[in-house]
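Here is the structure we will look at.
The values are calculated or read from the model by the stated rules, or taken from the named source; none is laboratory data. Everything numeric here is computed off the predicted structure, so don't read it as measured data. Positions of Cβ are generated from backbone atoms using ideal geometry, with glycine treated the same way; all protein chains shown enter the neighbour counts. Each accessible area value is taken on the protein alone, full model and side chains, heavy atoms only, with ligands, DNA and RNA left out. Shrake-Rupley method; radii C 1.70, N 1.55, O 1.52, S 1.80 Å.
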Amino acid sequence: MARTWNPSSTPLKVTGYGSTGYAHGTWKVHNTSNGTRSEVMSYTKLSNADDHKVYVVLGTQVNAGYCTQVSKYMTCTQKYWDHASAETGHHSSSSYIYKTASTGVSNEADYARGKVRAALDIPWRSDPMTGWSYTDGGDQY
């Protein structure tokens, strides 16, 4: 089941050095031929000032506790911890482009969730980034 991290009506918005990037999408944990993976599916676009690019950073968090789903929020007896991270491809299109990124998940945990942020690739400078947006719950794997 894919979980939303930001809907298209309220995308993440990152600005810096005259450019603005937008990102929205979903996340899921699923079995693949490469094992269990945490995957972000993103749509990103850029209002570009000067050879900048937009991308999404995926942070995979895992949890080894017992969890229950209450409405769209999740409660757990253990806190999530950061396990791995990855970036989608960078691009400079002014139209929404579909990009994905994935990480493995810990074999010492039972649940995973995604945290996502949008970023601008600015040559020779630190990349501006949004704060983290979390998926609306986590999934057992």
Along the charge dipole of the chain, Cβ charges K/R +1 and D/E -1, which of ASN48, THR103, ASN34 sits furthest on the positive end? ASN48
Could you report the chain's accessible area per residue, 1.4 Å probe, as an integer in Å²? 52 Å²
Using alpha carbon positions and the Kirkwood radius, the Rg to Rh ratio of the stretch 76-141 is 1.03
Cα-centred dipole magnitude for the chain, charges only on beta-carbon of K, R (+1) and D, E (-1), debye, nearest 20: 280 debye
Defining a contact as two alpha carbons under 8 Å apart and six or more residues distant in sequence, what relative contact order in percent does the stretch 1-53 show? 34 percent
Note the listed values [x] 2, 7, 10, 9, 8, 8, 7, 6, 6, 5, 4, 4, 4, 4, 5, 5, 4, 1; [y] 2, 9, 15, 18, 15, 12, 9, 7, 5, 4, 3, 1, 1, 0; [z] 2, 11, 20, 22, 17, 13, 9, 5, 2, 0, then indicate which one is P(r) over Cα pairs in 5 Å bins from 0, in percent calculated from this particular structure. [z]
Pairs of Cα atoms under 8 Å, at least six residues apart: use those to get the relative contact order of the chain, whole percent. 30 percent
I'd like the trypsin sites (Lys or Arg not before Pro) in the stretch 107-141 restricted to DSSP loop residues with at most 12 other Cβ atoms within 10 Å, sorted by number. ARG125
Along Cα→Cβ, 7 Å out, is where each label goes; now give me the distance between the ones at TYR98 and ALA84 in nm to one decimal. 2.3 nm
Give the cross-link partners of LYS45 among the lysines, using a straight C-alpha distance below 29 Å as the criterion and excluding same-chain residues fewer than 8 apart. LYS13, LYS28, LYS53, LYS72, LYS99, LYS115
Treating only the Cβ of Lys, Arg, Asp and Glu as charged (+1, +1, -1, -1), what charge dipole size does the stretch 92-141 show about its Cα centre? Round to the nearest 20 debye. 240 debye
For a bin width of 10 Å, list the pair-distance distribution of the stretch 21-63 built from all Cα-Cα distances, rounded to whole %. 24, 40, 24, 11, 0
